[in-house]
1. Ignoring any ligand, DNA or RNA, what whole percent of the accessible area of the chain comes from carbon and sulfur when the probe is 1.4 angstrom?
2. Over the stretch 102-167, average the accessible area per residue using a 1.4 Å probe and give it in Å², no decimals.
3. Taking the 0 to 90 degree range and rounding to the nearest ten, how far is the long axis of helix 161-171 tilted relative to the main principal axis of the chain, both from C-alpha atoms?
4. Please compute one quarter of the surface area of the Cα convex hull for the stretch 58-149 and express it in square nanometres.
5. If one computes the Cα centroid of the stretch 105-141 and of the stretch 45-60, what distance in Å separates the two points?
6. Along the Cα→Cβ direction, 7 angstrom out, place labels at VAL60 and ASN124. What is the inter-label distance in nm?
7. Counting Lys and Arg as +1 and Asp and Glu as -1, each charge on the Cβ, what is the dipole of the stretch 1-96 about the Cα centre in debye, to the nearest 20?
8. Excluding same-chain residues fewer than 8 positions from LYS30, which lysines have a Cα within less than 24 Å of its Cα?
Amino acid sequence: MKEYKYLYQKMLDEETIRTAYKKLRKGKTKRWKIQYIDKHLDEEVEKMRNMILNTKPPGVEVPNPELAYHPEDRTPRIINEHGKTRRIYMPNIWEQWLHHIIVLVLEPIVTATAYPYSCGSLPNRGAHYAKRQMVQWIKLGKDIRYFAKVDIRHFYDNVRHDILLKELRIRIKDEWFLY
């Protein structure tokens with residue numbers, strides 16, 4: 001496995017970009033944008049790499065600033081699923097790809113420091129994981145009196161980015177990655 005001094009370097013790695021794309025395309029192979037990227041994968045990987053390379057905080061010199069990532073203003077879509085109404089902003093396919101790259105790099109850091117019984121949003125830690133753990137505690141005769149099932153209403157709409165970044169800076173020292 002390659003060693004990276006900075007997380008930003010890992011984002012620029014072709015293997016990371018291709019792995020993120022493989023995860024992104026699952027279940028989307030009939031979409032024309034995915035089919036286009038599949039046909040031109042080498043060029044699209046290079047475009048993604050150039051976009052990441054040229055996206056840095058203001059004041060940092062980049063080779064081609066016009067290639068940098070600039071988030072678009074989006075109009076939210078209202079969807080109803082599982083008895084909940086959600087307001088979502090649909091990212092385009094290249095933004096989704098970038099999100100997958102970030103998650104690939106960030107996931108080992110977050111899961112390594114997460115509470116072992118946080119369930120729901122982490123891979124292999126869904127409701128079945130929680131139930132299996134509770135059944136095991138009951139069989140061992142642990143004195144369990146309380147448990148909590150919590151869902152924070154509209155969490156992502158209300159998360160304070162300053163606090164989130166402060167917490168991430170404790171674990172991540174790469175300012176370019178955080179940007």
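1. Numbers: 7720 of 14000 Å².
Exposed carbon and sulfur together represent 55 percent of the surface.
2. Ligands and nucleic acids excluded, the figure is 89 Å² per residue.
3. So the helix axis and the longest Cα principal axis differ by about 90 degrees.
4. Numbers: hull surface 41.1 nm².
Value for the stretch 58-149: 10.3 nm².
5. The two parts, judged by their Cα centres, are 35 Å apart.
6. Label at VAL60, label at ASN124, 3.2 nm between them.
7. Details: 21 positive and 15 negative charges, 153 e Å.
The dipole magnitude comes to about 740 debye.
8. Candidates past the 8-residue exclusion: LYS22, LYS39, LYS47.
The values are calculated or read from the model by the stated rules, or taken from the named source; none is laboratory data. Since this is a predicted model, take the numbers as computed values, not measurements. Here the Cβ is made from the backbone with ideal geometry for all residues, glycine too, and neighbour counts use every protein chain on show. When the accessible area is computed, the model is the full protein with side chains, heavy atoms only, and any ligands, DNA or RNA have been set aside. Shrake-Rupley method; radii C 1.70, N 1.55, O 1.52, S 1.80 Å.
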